[in-house]
Amino acid sequence: MWLPHAPGEVWPILSDTKRFNELSGLPRYQLEETAQADGSVLRIARARVANYNVAWEELPVDWVAGEYFFQRRLFLNGPLRHMDASLTLTPEGAGTRMVYEIAIASRRPLIGPYVAGRLINGAGRTFALAVRGADECLSGARPSAYELGPPVIQPGGVSRLREIISYLQAGPYDHGLSRGLGEFLISQPDADACLIRPKTLARQWGVDTRHAIEICLAAVRSGLLRLTWDLLCPRCRGAKLSTERLDTLQSQAHCASCNVDYDADFNRNVELVFHPAAAIRVCPEGEYCMSGPQTTPHVLVQQSLAAGECRKITAALPPGNYRLRTLARGPELDFSYDGGEFPPLSFMGGAVSICAGETPGRLVLTNAGTLPICLVIESREWIRDALTAHQVTTLHTFRHLFPDHVLIAGGEMSIDSVTLMFTDLQGSTALYREIGDGPAYQKVREHFDILTDIVRAHDGALVKTIGDAVMAAFCRPQQAVLAALAIQKKLSQINSSNAAELSIKMGLHYGRCIVVNLNDRLDYFGTTVNLAARLQAQSRGGDIILSEELCRDPLVGPILEGCHLTSEATSLKGFERPIDYRRVQLAG
């Protein structure tokens, strides 16, 4: 079959084996994973098919993203011995030639061929439906390529949903998204609606990421959604531990799929995801396929190699940062590819390595070991759609709506990089004396409101207030600098129309720190916190003090172009050497 669309457009749809199997009418199945002595994993799947309990070994799927996949299932009982399924995409003219093949070996001479024939005919009809759906979806004729069965909505679920949507629309976090979220929950297939990533929604809807996150958070508080903290395996991205409260999330987990132990990383693999509330929609257990290319879309190449095998394949990978690793427990190697010659990749003696260059578009994979392995080439940008614990806990809306979500008692988490802002209202004591307690108090409250609004608008969070001082946290340094500039600009505008001026001292720094519980809320501790606080004390009011490290960030530099900066250094309490910093002096 042929479609007038490029292979890269067709691949994500036709290689989506979860939706393909659901469209075929196949049942969901459960997977048992058992670690083997050689480090590999035996994966046994079980399902109820036509009143029979069927079991099979789920072997690793081979694929090259955008080009082909091949899957074999070895049946442990029933009339079939094994079943192979493959999809091949080839550029042809202005489109793609597609070949889908099913091959089945029978175990029983009479019933086996009958069952095989029905499966093959059914797969052919499903493939034709999927191809037509892909064409219509890519041509804009319909929103989804797969028209699956209706979701299971709870009795009264639609009425509850409408009431909650009306409530959300009247609140501060609607952003015009509440109605769309409601429609999404009652119309989308289970694969989409039962595990919601706000960043993915934002990209699909073309809206601000923070707005998508805020409506999901507000939907949890109103009973439309529920949330879970998932501890993702850093290799396969699967959620091996999941809990509805951050203070019950364990710091370590074991991934049976990869046969590895791993730690919770606040930056990378503790993810906040959302699901429909049980009173709205039923989300069935089990999966239609747990091994296909779209289960781990960050994996661009996956190949099973016999001992001693060297395989040359075509794979036009885009330039980027990649990781070569084994599918199960084993070594891994990070490398970058600039789009030229692709380095041959080799596994030997328990290590992976790269060698001299190969022609662009060609990959050479070698298993120089004595056991069969499955080699994986994955993009290191897999974190893009994950709303990590670090990201969400630096959002004002999360801290406002979920102040009770803290770490386990006595627990702590390390964060690779957080940007901290310390501010202090200058001359507040004199302000109370000059204009009186009542007016001065209103001015101080006005200054807190300004900081809160601007910090929230720049994807940050107020961690705490200390008298007239504020500590705020940001996931990205550029957002913190933009917020600081916006705060000083806003106060300058207010001061120009008021007799009593407000002046704020500000200090910013970023780096590693520790997240802990303090006074029943998440707080930050460490050298980064201390330096940011000390830098604030160097401010004269109306200016911004930035650490030298913060100014060197590649995304901060362009923001500071055109600003008046001076380079200074001073000795600070608790630091052995003088600290370099920049003073940003705003005009006026």
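Okay, here's what the table says:
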{"read-out": "From 187, 242, residue being small (Gly, Ala, Ser), more than 30 Å from residue 328 (Cα to Cα) and surrounded by fewer than 18 Cβ atoms within 10 Å (Cβ to Cβ)", "value": "187"}
{"read-out": "Selection from the range 295-314 of residues that are surrounded by 14 or more Cβ atoms within 10 Å (Cβ to Cβ) and assigned to a loop (DSSP other than H, G, I, E, B)", "value": "295, 296, 297, 298, 309"}
{"read-out": "Condition met for residue 480 (touching a Leu at 6+ places or on another chain (Cβ under 8 Å), surrounded by 16 or more Cβ atoms within 10 Å (Cβ to Cβ) and either of a type outside the set (Lys, Arg) or assigned by TED's automatic domain parsing to the domain that holds residue 448 (or both))", "value": "yes"}
{"read-out": "Failed item, numbered, when residue 66 is tested on (1) part of a strand (DSSP E or B); (2) in contact with a helix residue (DSSP H, G or I) (Cβ under 8 Å, 6 or more places away or on another chain); (3) closer than 19 Å to residue 138 by Cα", "value": "(1)"}
{"read-out": "Entirely in the range 501-588, the helices (runs of 4 or more DSSP H) that have 3 or more residues that are of a type outside the set (Asp, Glu), more than 30 Å from residue 405 (Cα to Cα) and out of contact with any strand residue (DSSP E or B) (no Cβ under 6 Å at 6 or more places or on another chain)", "value": "557-560"}
{"read-out": "Residue 63 being crowded, with 18+ Cβ neighbours inside 10 Å and more than 15 Å from residue 292 (Cα to Cα)", "value": "no"}
{"read-out": "Residue pairs meeting the criteria (Cβ under 6 Å; at least 6 apart or on separate chains; first assigned by TED's automatic domain parsing to the domain that holds residue 419, in the range 534-552; second hydroxyl-bearing (Ser, Thr, Tyr) and surrounded by fewer than 21 Cβ atoms within 10 Å (Cβ to Cβ))", "value": "541/503; 542/503"}
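Yes/no matrix, rows are residues, columns are (1) among the hydroxyl-bearing types (Ser, Thr, Tyr); (2) at pLDDT below 95; (3) more than 28 Å from residue 289 (Cα to Cα); (4) assigned to a helix (DSSP H, G or I):
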site	(1), (2), (3), (4)
141	no, yes, no, no
147	no, yes, no, no
164	no, no, yes, yes
168	no, no, yes, yes
174	no, no, yes, no
179	no, no, yes, yes
192	no, yes, no, yes
200	yes, yes, no, yes
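The values are calculated or read from the model by the stated rules, or taken from the named source; none is laboratory data. Quick caveat: nothing in here was measured; it's all calculated off a predicted structure. Positions of Cβ are backbone-derived with ideal geometry, glycine not excepted, and every protein chain shown enters the neighbour counts.
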